[in-house]
Structures are given as structure tokens and as C-alpha cells.
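Participant: Okay, handing you the structure first.
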Amino acid sequence: MKLKTVVLVPIVVAAVAYGGIKGYIYYSVKGELDKAIEMASPFARISYGGISSDLGGKLTVRKIAVTPMASNLEMRIEAVEVEGDGVGFLLDLSKGLDGSDPPPKLSASIWGAEIPVTDDLGSGFSFGPGQQAGKIAPKACTLGGILQHIGLADIGYSTLVADAGMGYTYDRDGGDVALRFDYQVEGIESFAMDVSMRGVTSPGMVAMGVMPTFQNFEMAYRAEPDYMKRMVEHCAKKAGKSSQEYINTLFSQSDAYYAQNLGFIPGHSLQLALKELVTKAGEVHIRAKPSPTLDPATLGMYKPEDIVRLLGLELSLNGRLITDLAFRMPTLAELTGSAKQVEPGEVDESEEPPKRVMHWRYVEVKRSELGSYLGSKARLYTSTDENVPPKEGVLSSIRQNVLSIKQRVHGGEFIAHVELNSLVRAEVLIPQ
């Protein structure tokens with residue numbers, strides 16, 4: 001046998017095996033994904049552009065579009081990535097991960113999710129200081145409403161662009177687990193959380209009431225100054241006040257107001273910190289190093305000051321340590337009180353007619369009108385050929401008859417420039 005043949009045979013065999021594995025993964029995942037789409041068809045229309053994988057353990061689904069039947073508003077996702085430890089993970093994933101043991105490593109990411117803004121969007125998407133699990137969303141322009149981004153449509157937002165990721169590593173032999181979660185909403189906020197635990201000997205132990213030992217907890221939250229300023233100015237104008245007067249009003253309320261907006265009643269130092277966050281925005285960092293003797297299941301039995309001590313809580317705002325973390329939990333009357341909280345100068349919305357449900361759709365506009373829609377989502381057509389896709393993104397500027405549009409691509413964004421004279425048609429996403 002010639003030397004050339006000896007060298008080429010293993011290469012060809014490896015190439016065929018590589019292609020065979022990738023083909024098997026592709027068709028297996030595609031089959032499961034198509035089944036899931038069919039099951040969801042009574043509730044939403046779902047499509048995707050393609051599936052790819054690598055033998056390092058990463059699977060990517062691109063160009064996903066989801067349109068709920070109830071709202072008819074399309075949400076687009078540039079890409080969803082799932083990554084584990086090598087090709088074995090992908091083979092398990094193609095079978096549905098039916099094994100009893102979780103993979104030792106798993107991460108999932110969503111890139112470039114374009115989410116249409118609706119009236120109730122803010123109640124479920126913020127992890128900021130105002131978020132409370134299971135709590136009814138507060139009204140716009142209250143403290144909770146600002147922290148939970150209620151009323152985004154009122155200040156001109158039609159679409160949010162977000163990235164998110166989560167993952168874990170699990171050492172079953174040592175019982176150590178590291179969890180992470182993060183997201184960012186372009187121009188509004190970002191959030192990241194890391195948690196490490198020890199003593200997780202079984203994936204289902206928490207469900208059986210056995211609590212692990214928390215070693216470390218870190219959270220970073222950032223509110224973007226431009227967004228916060230825009231929201232505060234809108235609410236201040238609505239209340240007939242200056243921005244500072246409006247903020248002062250927010251933080252001169254009763255304990256019941258804090259209870260109903262935050263779920264707890266902050267002490268003086270925490271109130272000042274929250275006031276700074278609403279005034280200047282910026283970054284909040286929280287770190288906890290719990291006592292080794294602490295049983296997390298018993299936290300509800302302690303007083304707030306003891307919880308701070310046992311968890312080893314540290315909080316900083318814009319790089320400044322907040323040393324007094326005093327707070328208290330509300331009474332049932334404060335949390336569910338029937339007295340309506342209305343800021344001075346604010347219209348009692350209970351006497352207003354119900355707000356019209358806002359729907360968004362693309363509407364054709366004249367080229368001469370595009371300057372009025374800067375900051376809005378748009379589609380720009382430069383050809384009458386239906387096979388030529390439009391440039392789609394956020395209108396950013398018009399200078400010397402050149403229109404700039406900010407477009408999202410996987411992993412980042414870029415600015416495209418279109419001469420106004422080359423436009424065949426322009427559509428802008430506006431409320432109806």
C-alpha cells in the first residue's frame with residue numbers, strides 16, 4: 001500500500017464520521033424542533049432559518065420568528081445557542097436529554113431578541129429593584145412602575161432588543177454547582193447573577209426539601225441614565241412638575257406606598273440609594289457570603305437585621321458602599337391596603353376610562369416624513385424585486401440626504417447608510 005493511501009484513508013474516514021455525526025444531529029434536532037413547533041401551532045406561528053452545530057458541543061438555531069395568535073405581534077430572535085461538553089452532549093440533546101443525570105455543563109444564550117412593546121410588557125421582564133414575583137404590576141409613573149419599566153410605549157418605544165444567557169457547571173462527585181444568569185435590554189438595563197453552592201449531591205434534592213449550602217452570591221444591575229432621564233421627564237411632565245419635584249414626591253410617600261411598589265419598606269439609607277438610582281441611574285452591586293451554619297430554609301424565621309448579618313450582605317451603588325441596609329417587611333394591611341396611593345398633582349387614574357390596547361404595525365410613510373420618526377423601527381426598501389430584502393432596524397439620523405439605520409446582527413450591531421433618492425418604499429412601525 002502506498003504511503004499516500006495510508007495517510008488519506010484515516011483522513012477520509014474521519015471526514016465521513018464527522019459529516020455523519022453532524023448530519024445525524026441536524027436531522028434529529030430538526031425533527032424534535034419541528035414537532036415542538038407543530039404542538040405550539042394553536043397558540044403561535046413559529047419559524048426558523050437554519051440549524052448548525054460543531055463537535056465542541058454547540059448547537060445554534062438562527063433567524064427565529066414567533067407570532068402569538070392572541071396578539072399577532074411578531075418577536076424575532078437572531079440566534080439561540082445551546083452548548084455543553086463535547087459531541088456527547090449534542091448526541092444526548094438530539095435524543096431529548098432523557099437521562100436521569102443532568103449534563104455536567106450546560107449553557108444557553110439568546111441573541112438579538114426583538115420584542116414588541118405592549119402595555120403589560122414591563123411587569124414580567126425587569127429584574128431591577130422593583131420586581132416582585134407574583135405581584136400585580138404597578139401603574140405607570142409610580143416608583144414601582146419606573147423600576148419595572150411600565151409605560152415604555154408612552155415614551156416612544158415600539159420594540160426592545162435584548163440578549164440573555166444562563167448556564168451551570170455541576171460537579172456531582174464534589175456536590176458543587178455554579179449558576180449564572182444575565183441579560184441586557186439595549187438602552188434600558190442589564191443584569192447579571194452568579195451563584196455557587198456546595199452539597200448538591202442529587203439534582204432533585206431541593207425539590208425534596210433538602211437545601212444545599214450557599215457559598216457565594218453576586219448580582220450586578222445597571223439602569224441606563226438616558227432611559228431613566230427620559231422616563232422621569234415624561235412622568236414629571238404628566239404630573240405638572242419639574243423632574244426633581246417629581247422625584248422628591250416619589251420618595252415622600254407612606255410606608256404602605258413602598259410596600260405596594262417594592263414589596264418591602266426600605267430604611268432611610270436604602271430610600272436615599274433608590275432615590276439616587278432614579279435620579280442618576282447607574283450600577284447596583286449586591287454580594288452575599290452566607291454563614292456556613294445558615295440553613296436557607298429557615299430565613300423566613302429571622303428578623304430583617306438578622307437576615308442581613310447571616311447572609312453577609314454588601315450593597316454598593318455607583319461604586320459607593322451602602323453601610324446601613326435596614327429595612328422591614330410590610331404588614332398584610334400595608335401590602336394589600338385598599339387605600340389608593342396617588343401622588344400630589346397626579347390624576348387619579350381610577351376615574352379615567354380604560355386605556356386602549358395598543359397595537360403596532362408597519363405603515364408606509366413618505367421619504368420627506370422620515371425625519372419625524374428618528375428612533376423608530378423601520379424597513380427601507382431599495383428595490384422593487386421581492387427577493388431583495390429591506391434594510392430593517394432603528395432610524396438613527398438623516399444628514400445630507402443620507403439616511404442612517406442601526407441594524408442588529410449576531411454578536412453586535414452596525415450602521416447602514418441609504419441615500420434617500422434610492423428609496424423605493426419606507427415603512428415605520430407605529431401604534432394603531
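The values are calculated or read from the model by the stated rules, or taken from the named source; none is laboratory data. Everything numeric here is computed off the predicted structure, so don't read it as measured data. Glycine also receives a Cβ, built like all others from the backbone with ideal geometry; neighbour counts cover every protein chain displayed. Quick note on the areas: whole protein, heavy atoms, side chains included, nothing else; ligands and nucleic acids left out. Shrake-Rupley method; radii C 1.70, N 1.55, O 1.52, S 1.80 Å.
Participant: Picking from Leu325, Leu315, Leu321, which residue would you name as being more than 26 Å from Thr159 (Cα to Cα), of a type in the set (A, V, I, L, M), in a loop (DSSP other than H, G, I, E, B) and at pLDDT 80 or above? Working first, answer last.
Facilitator: Values: Leu315 fails: in a loop (DSSP other than H, G, I, E, B); Leu321 fails: in a loop (DSSP other than H, G, I, E, B).
Only one candidate qualifies: Leu325.
Participant: Related question: So which residues in region 328-344 are at pLDDT below 70 and either part of a strand (DSSP E or B) or over 21 Å from Ser252 (Cβ atoms) (or both)?
Facilitator: Ser338
Participant: How many residues does region 376-421 contain that are open to solvent by 50 Å² or more (accessible area, probe 1.4 Å), over 16 Å from Arg76 (Cα atoms) and either hydroxyl-bearing (Ser, Thr, Tyr) or outside any strand (DSSP E or B) (or both)?
Facilitator: Here the count works out to 10.
Participant: Run Lys58 past the list (1) open to solvent by 70 Å² or more (accessible area, probe 1.4 Å); (2) within 25 Å of the chain's Cα centre (by Cα); (3) modelled with pLDDT of 75 or more and report the number of the one that doesn't hold.
Facilitator: Failing condition for Lys58: (1).
Participant: Look through Asn401, Asn387 and report the one residue that is of a type outside the set (D, E, K, R), farther than 29 Å from Trp111 by Cβ and modelled with pLDDT under 85.
Facilitator: The match here is Asn401.
Participant: Go through (1) crowded, with 16+ Cβ neighbours inside 10 Å; (2) modelled with pLDDT of 80 or more; (3) not polar (S, T, N, Q) for Pro104 and report which single condition fails.
Facilitator: Checking Pro104 against (1) crowded, with 16+ Cβ neighbours inside 10 Å; (2) modelled with pLDDT of 80 or more; (3) not polar (S, T, N, Q), the one that fails is (1).
Participant: Hey, among the residues in region 140-173 that are part of a loop (DSSP other than H, G, I, E, B) and surrounded by fewer than 16 Cβ atoms within 10 Å (Cβ to Cβ), which one's modelled with the highest pLDDT?
Facilitator: For region 140-173, the residue satisfying everything is Gly156.
Participant: Name the single residue that is farthest from Pro292 (Cα to Cα) among those in region 181-192 being open to solvent by 20 Å² or more (accessible area, probe 1.4 Å) and free of Cβ contacts under 8 Å to residues at least 40 places away in the same chain.
Facilitator: Filtering first and then ranking leaves Glu186.
Participant: Can you find even one residue in region 266-280 that is more than 19 Å from Ala326 (Cβ to Cβ), open to solvent by less than 20 Å² (accessible area, probe 1.4 Å) and within 25 Å of the chain's Cα centre (by Cα)?
Facilitator: Yes - at least one qualifying residue is present in region 266-280.
Participant: Right, here's the next one. Say whether the condition of being modelled with pLDDT of 65 or more, closer than 19 Å to Met166 by Cβ and buried (at least 16 other Cβ atoms within 10 Å of the Cβ) is met by at least one residue in region 123-135.
Facilitator: no
Participant: Are any of the residues in region 282-290 more than 28 Å from the chain's Cα centre (by Cα), farther than 19 Å from Ala140 by Cα and surrounded by 16 or more Cβ atoms within 10 Å (Cβ to Cβ)?
Facilitator: Within region 282-290, not a single residue is more than 28 Å from the chain's Cα centre (by Cα), farther than 19 Å from Ala140 by Cα and surrounded by 16 or more Cβ atoms within 10 Å (Cβ to Cβ).
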